Amino acid sequence: DFGWSTQDCGPKDRIWEKRSGGMTLDIGMYMIQLGQVGFAGMEPTRVQAMGSFRNGVDHTVLANIQYGESGFLQFTITGDANTEERVVIQGTKGRIIMEPPAHVPTKLKLQLDQGRGIVNEKVLDFPLPDDSYTTWN
């Protein structure tokens, strides 16, 4: 899931611009790129989506994207709420959990299944660099 509340956005905010606004163009790429990473080299074979609109642009979108016979990406993006931004990439032998905020994760959990309900977990930390605007501006 990925969402941020547009409650305080005024009528002239960029999110409402019909040519470049809406939640899909604003934050959808963070979710869609997960399919490109998880199913590298594969093209989507089926896409299902539904959503709601506000001020003429998409505001909440739920999507299912199929890759090949058994690869699936499912996500929600919204402008209705500040969501947790937790991502789980489920595989046949375990999962990768991207801790919030998923668009700039600093911690990943690799969980390898050892049996039903039993996992071997490894936590990987990726601290953000001290990259204030003064170092690149």
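Descriptive notes on the structure:
- Relative contact order, whole percent, for the chain stands at 21, derived from Cα pairs under 8 Å and 6 or more residues apart.
- The angle between the Cα long axis of helix 23-38 and the longest principal axis of the Cα atoms of the chain comes to about 20 degrees, rounded to the nearest 10.
- Charge tally around Ile77: other residues with Cβ under 15 Å, Lys/Arg +1 each, Asp/Glu -1 each, net -4.
- Reachable lysines, given that their alpha-carbon falls under 23 Å from the alpha-carbon of Lys107 and they are not under 8 places away in the same chain: Lys93, Lys122
- When the chain is treated as a GNM with alpha-carbon contacts under 10 Å, the residue of Val57, Val88, Val37 showing the greatest mean-square fluctuation is Val37.
- Most simply put, the chain has about 95% antiparallel DSSP beta bridges, counting only bridges with both residues inside it.
- Net charge of the neighbourhood of Glu99, taken over other residues with C-beta under 14 Å away and scored Lys/Arg +1, Asp/Glu -1, is 0.
- Percent carbon-and-sulfur accessible area, the chain, ignoring ligands, DNA and RNA, probe 1.4 Å: 53
- Shape category assigned to the range 1-41 from the gyration tensor of Cα positions, a/c cut at 1.5: oblate
- Surrounding net charge for Asp26, when Lys and Arg each add one and Asp and Glu each subtract one, Cβ distance under 11 Å: -2
- Global geometry of the chain, whether rounded, prolate or oblate, following the gyration tensor of its Cα atoms and the 1.5 cut on a/c: oblate
The values are calculated or read from the model by the stated rules, or taken from the named source; none is laboratory data. Note that the structure is predicted; figures quoted are calculated from it, not measured. In this analysis, Cβ positions are derived from the backbone assuming ideal geometry, glycine residues included, and neighbour counts consider all displayed protein chains. Each accessible area value is taken on the protein alone, full model and side chains, heavy atoms only, with ligands, DNA and RNA left out. Shrake-Rupley method; radii C 1.70, N 1.55, O 1.52, S 1.80 Å.
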